[in-house]
Amino acid sequence: PPPTTMTSHPSSAPAAGTGAGAGSTSGTQHLITQAYFDDVLAENADLFDIDTTATEGQEQALSETIDQLSSQGMALDHLCVEFHPNSEEGRAVRERRGELETALATLDGLVQGDGGIREFENEQEVDGVLAALRAVASACSGGDGSGGDGTGRGSIGAYPALALFKSTESIFTLMSLLGIVPLPTSTTGTLDGNDCADISNDREKILKATCQTLSSILSPPS
């Protein structure tokens, strides 16, 4: 199921399965958003008077929050919890994570109610879809493209990216994109003239990019 957006939470995070911050469930765990985690992180820093301008304080606040939410049955593997949002690396990682969420939302927006893929409005939208597919593939494979500068700095990491992908319904979107080019209707197993007339070069490019993205997701992270 998709992550549940948290709008508020009590000063102490709720017990698993109860309260506004419980979120949606994944097995026996509960999914929370990155914003919810960061809000609890800030609350804990205030509650325990932790100075998060220093690295030691950032690590203490992260440790307190991870222990608290983990003990309450919250799933954290799809979140950025290694770096504090006050740190340069923490800001960069959260920015990359936001870009991945945007890419997933772009792809999900292509699917119609019947599971088919809607028509593209223009070439710019096609380019955006291809960029979104590349972003998902890069993040889920741990490629340095998710770091933006080729150094890997700010990279989400393959496993958190895969966990985020798993927490959404985007796998079904990719399945729909595999059908963007119609299967042959002729008895020979090849596309006839009418089939070919309905296939645009854009759809072929998106099909190829979708296959590459799925291959990156299903391959062991680098």
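The values are calculated or read from the model by the stated rules, or taken from the named source; none is laboratory data. Here the structure is a predicted model, which is why all the values come from computation and not from measurement. Quick reminder, even Gly has a Cβ in these numbers, built from the backbone with ideal geometry, and neighbours come from all protein chains shown. The area values use the complete protein model at the heavy-atom level, side chains included, leaving out ligands, DNA and RNA. Shrake-Rupley method; radii C 1.70, N 1.55, O 1.52, S 1.80 Å.
Of note:
- Thr106 accessible area, assembled protein chains, probe 1.4 Å, Å²: 60
- Label-point separation in nm, Ala35 to Ser215, each point 7 Å along Cα→Cβ: 3.7
- Of all accessible heavy-atom area on the range 72-138, the percent that carbon and sulfur account for (1.4 Å): 47
- Solvent accessible area, Å² - Arg118, 1.4 Å probe, full protein context: 60
- For the pair Glu56 and Glu169, a Förster radius of 45 Å applied to the C-beta separation gives a FRET efficiency near 0.65, rounded to the nearest 0.05.
- Ordering 29-38, 96-105 by mean Cβ neighbour count within 10 Å, with the highest value first, yields 29-38, 96-105.
- Cα-projected label distance for Phe48 with Asp67, points at 7 Å along beta-carbon direction, nm: 0.6
- Value of D in µm² per second that Stokes-Einstein yields for the range 49-102, Kirkwood Rh from Cα pairs, at 4 °C (1.567 mPa s): 109
- Where labels lie 7 Å past Cα in the beta-carbon direction, separation of Asn122 and Glu95 in nm: 2.8
- Ordered by 1.4 Å accessible area with all protein chains kept, Cys211, Cys80 run largest first as Cys211, Cys80.
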